[in-house]
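Quick notes on the structure that follows.
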Amino acid sequence: MLKIGDFSRLSRVSIRMLRHYDEIGLLRPADIDPMTGYRYYTEAQLRTATQIRSLREMGLGLTAIAEALCHGDDPAHLARLLDGQEAVLRARAEEVAHQLRLLDTARTRLRKDGTPMKYLVSLKTIPERQVASLRMTLPAYDAEGLAWSVLTEETAPQNLIPDDPCLCCVLYHDDGFKEHDVDVELQKTVRGHYTDTAHVRFKREPAVTVASTVHNGSYLGLDDAMRAVADWVCQNGYELSGTPFNIYHVSPHETQDASRFVTEICYPVRRREA
């Protein structure tokens, strides 16, 4: 039998955690002296303590670990547990990678001149056009590629002829920002006559006056560009008159180098009434 201190050293689990594991029933001592209250463990329990420590280091919670211990040496259950934890960690890694990209973008802006990027906002009219339109609900904004795939696959048999210029746009129909289930509409300008598919409609869009600016680079910098357009609208006597949209002049379809992306932010506007 091993005293708790010796067991702690051999298992590399702190005495405090061993007492906690005892309290929650995860790893109880083999014996407790009724007179002194000293806890004693067997050498065989070192394997259990090591397994608990290993699973904790992988990020698993105590509830999941207790479930794993209940299944003993069942390799299939342990494999499922590890697969689930891997999915959790990969999702967390993607979130951290996204946060690191945001930090890098912010540093890049600061290195330029110590101030946020400047944007030139202008008023323009986009003429009437025929578009292939796909409207659907996506799990999140960064899942937009799923919608483009649907549009491309469903219209491929009709060999769409792009208009000149060919504008690939995304309209955001929700009233505000949403974390999930975002309502977006994709539009690609085309010429010719086509038949609607299961999800794609062909329609004419009227001419629209927009306040717009162009952002060069990663989509991570679009927030500043959108704020610049919104500020211009407020400061120049205009108000929103339709659904904002982005035009992708250079997108992941043309290059995987995010620094070469060219995105135009467009806010439909009208003169504010006095």
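Within segment 237-256, the residues that satisfy the criterion of being of a type in the set (Gly, Ala, Ser) and surrounded by 13 or more Cβ atoms within 10 Å (Cβ to Cβ) are SER241, GLY242, SER251. Within segment 263-274, the set of residues being open to solvent by 30 Å² or more (accessible area, probe 1.4 Å) and either within 22 Å of ASP104 (Cα to Cα) or touching a residue at least 12 places away in the same chain (Cβ under 8 Å) (or both) comprises TYR267, ARG270, ARG271, ARG272.
Do we have any residue at all in segment 207-218 that's modelled with pLDDT of 90 or more, assigned to a helix (DSSP H, G or I), closer than 29 Å to ASP104 by Cβ and open to solvent by less than 30 Å² (accessible area, probe 1.4 Å)? No, segment 207-218 has no match at all.
Being of a type outside the set (Phe, Trp, Tyr), open to solvent by 60 Å² or more (accessible area, probe 1.4 Å) and more than 16 Å from SER122 (Cα to Cα): is that true of THR195 here? Yes, satisfied. In this entry, ARG107 passes the filter for residues that are at pLDDT below 85, assigned to a helix (DSSP H, G or I) and open to solvent by 50 Å² or more (accessible area, probe 1.4 Å). Figure legend. Inter-residue proximity from segment 31-51: first residues free of Cβ contacts under 8 Å to residues at least 40 places away in the same chain and assigned to a strand (DSSP E or B), second residues among the hydrophobic types (A, V, I, L, M, F, W, C) and open to solvent by 40 Å² or more (accessible area, probe 1.4 Å), beta-carbon distance below 8 Å, spacing 6+ or different chains. Indicated pairs: ASP31/MET1; ARG39/ILE32; TYR40/MET1; TYR40/ALA30; TYR40/ILE32.
The residues of segment 3-30 that are assigned to a loop (DSSP other than H, G, I, E, B), farther than 13 Å from ARG53 by Cβ and among the basic types (Lys, Arg) amount to a single one, ARG28. Screening segment 1-16 for residues that are open to solvent by 100 Å² or more (accessible area, probe 1.4 Å) and not aliphatic (A, V, I, L, M) and picking the one that is farthest from GLN45 (Cα to Cα) gives ARG16.
Every test in (1) out of contact with any helix residue (DSSP H, G or I) (no Cβ under 9 Å at 6 or more places or on another chain); (2) among the β-branched types (Val, Ile, Thr); (3) touching a residue at least 24 places away in the same chain (Cβ under 8 Å) is passed by VAL96 save one, and that test is (3).
The values are calculated or read from the model by the stated rules, or taken from the named source; none is laboratory data. Keep in mind the model is a prediction, meaning the values are calculated, not measured. Using ideal geometry, Cβ is built from the backbone for each residue, glycine included, and neighbour counts are taken over all protein chains shown. These area figures cover heavy atoms from the full protein model, side chains too; ligands, DNA and RNA do not enter into them. Shrake-Rupley method; radii C 1.70, N 1.55, O 1.52, S 1.80 Å.
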